[in-house]
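Written out below as structure tokens is the structure these notes cover.
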Amino acid sequence: MDEKKTMLSGIKPSGDLTLGSYLGPLHHWPKMIEEYDCYYFMADLHAITVRQNPADLRRRTLEQLAQYIACGLDPEKCTLFIQSHVHQHAELGWVLNCYAMFGELSRMTQFKDKSARNADNINGGLFTYPCLMAADILLYQPDFIPVGDDQRQHVELARNIVQRFNGVYGDVFKMPEPYIPKVGARIMSLTNPAAKMSKSDNGDTGRVTLMDDPNVIMKQFKRAITDSDTERCVRYDPENKPGVANLMTIYSSATGRSFAEIEREFDGLGYGKFKPAVGEAVVEMLRPIQEEARRIMADKAYLEGVYRAGAEKASRTAEKTLRKVYKKVGFVAR
Ligand code: ATP
Ligand code: MG
């Protein structure tokens, strides 16, 4: 029997999807669905570790689903669901909390970052969410998980939990392997090339969202930080010219051109020509996605059908794992 390998990934609806969300994870996903049994979800449970406006969260969750589909995730070929619709995530998350150590969780850089940014709301969820993330992964027994660099540490934690849990109870969970795509792995803020482009950081003024108006996109690129050296030439040097390197990464992802080709294309032209060219490439890349997302968003009944079917399918898989875990730890069967 040809068993497809399983893969899973999710994004929090904590802000509008950005160019970073797209060129990082999202744009690799449609290629995967032909080859793998893929689960993609809207991580709304994770979103509330930071205070959300309820109406915005609801709207963004549905928009994110429409955008997933518009980016090429055909609901007939993969499983698309809303995390809170599959109750097994929260349930396994609790169990795994009891198999992760305080010290481990304290070392998570995301916890340190997010608590620094949300000093007035350092809640328990912010601290333990890597356990929920481990549950997201382990419920589906995926062969690997595509993640950005910033999530590598969480996958490591999930692996530690697997080792610990399986060590006690036998082979319950499959060991997950991170898969970090090379090009476009990390898109930085256009105004601060030292920080990644973030969808929820209010201080990030260098963000471009998937649904931004072309005029806004062009404006963002025209004011993008390049560098302060006097050379003013388009050359890939992430150490010394991180802003330019970031723009080159974006341009390369949008056009398929290599860094060498880009250097040749803008040889002697300076940043005045380069920055708007990157903006235009991004506008053209996003145009069909924006049109499709708007069309899908208008069809509420279709969207509802997609997320209902997705939750049902995901629940079936997740329940198998959860039942096994409950039995192993000693819960009485219902
Ligand atoms: P938040 O600010 O709320 O944490 P985020 O923009 O960091 O949002 P996440 O939902 O935390 O997004 O991440 C979802 C996925 O997108 C992760 O795999 C993450 O690595 C990836 N990702 C997020 N931002 C970028 C970026 N700028 N470049 C590349 N990948 C990114
Ligand atoms: Mg993040």
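The values are calculated or read from the model by the stated rules, or taken from the named source; none is laboratory data. Bear in mind that the values here come from a model prediction, so they are computed numbers and not experimental data. Please note: Cβ atoms are built from the backbone with ideal geometry, for glycine as well, and neighbour counts cover all protein chains shown. What goes into the accessible areas is simple: the full protein's heavy atoms, side chains included, and nothing from ligands, DNA or RNA. Shrake-Rupley method; radii C 1.70, N 1.55, O 1.52, S 1.80 Å.
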Report task. Report in % the part of the accessible area of the chain that belongs to carbon and sulfur, leaving out ligands and nucleic acids; probe 1.4 Å. Result -> 51 percent
Query raised in the report: So what is log10(I(q)/I(0)) for the stretch 141-206 at q = 0.16 1/Å, when the Debye sum runs over its Cα atoms only?
Result: -0.66
Report task. Apply 1/(1 + (r/R0)^6) to the Cβ-Cβ distance of Arg223 and Phe259, taking R0 = 30 Å, and write down the FRET efficiency to the nearest 0.05. Result -> 0.85
Query raised in the report: What whole-number value in Å² describes the accessible area per residue of the chain for a 1.4 Å probe?
Result: 48 Å²
Query raised in the report: When the helices in the chain are scored as -39500 (n - 2.57) per DSSP H run of 4 or longer and the sum is shared across all residues, what 222 nm value do you end up with, to the nearest 500 deg cm²/dmol?
Result: -16500 deg cm²/dmol
Query - Selected from Pro54, Pro142, Pro242 as most flexible by GNM, with the chain as the system and alpha-carbon contacts under 10 Å - result: Pro54
Query raised in the report: ³J(HN,Hα) across the stretch 128-133 via Karplus (A = 6.51, B = -1.76, C = 1.60, θ = phi - 60°), whole Hz, x for Gly/Pro?
Result: 9, 4, x, 6, 5, 5
Query raised in the report: Where both residues lie in the chain, what percent of DSSP beta bridges are antiparallel, nearest 5?
Result: 10 percent
Query - Protection-proxy order for peptides 249-258, 103-112, each taking the mean of Cβ atoms within 10 Å per residue, highest first - result: 249-258, 103-112
Query raised in the report: So between Thr205 and Asp113, what do we pick up on full extension, going 0.36 nm a residue minus the alpha carbon distance?
Result: 31.3 nm
Query - Cβ-isolated cysteines (cut-off 4.7 Å), the chain - result: Cys71, Cys98, Cys131, Cys233
Query - Gain in span if fully extended, Val168 to Arg51, counting 0.36 nm per residue against the direct Cα distance - result: 38.4 nm
Query raised in the report: Dipole size in debye (nearest 20) for the stretch 143-211 around its Cα centre, Lys and Arg Cβ +1, Asp and Glu Cβ -1?
Result: 100 debye
Query - Percent of alpha-carbon pairs separated by more than 15 Å within the stretch 86-133 - result: 44 percent
Report summary line: With R₀ set to 25 angstrom, the calculated FRET efficiency between the beta-carbons of Leu126 and Lys328, to the nearest 0.05, is 0.30
Query raised in the report: If you bin the C-alpha pair distances of the stretch 173-271 every 5 Å from 0, what whole percents do you get?
Result: 2, 12, 20, 24, 19, 12, 5, 3, 2, 1, 0, 0
Report task. Starting from the Cα-Cα distance between Glu35 and Arg316, subtract it from 0.36 nm times their residue separation and give me the gain in nm to one decimal. Result -> 99.0 nm
Query - Cα pair distances in the chain, grouped into 20 Å bins until the bin that holds the longest one, percent each - result: 30, 56, 14, 0
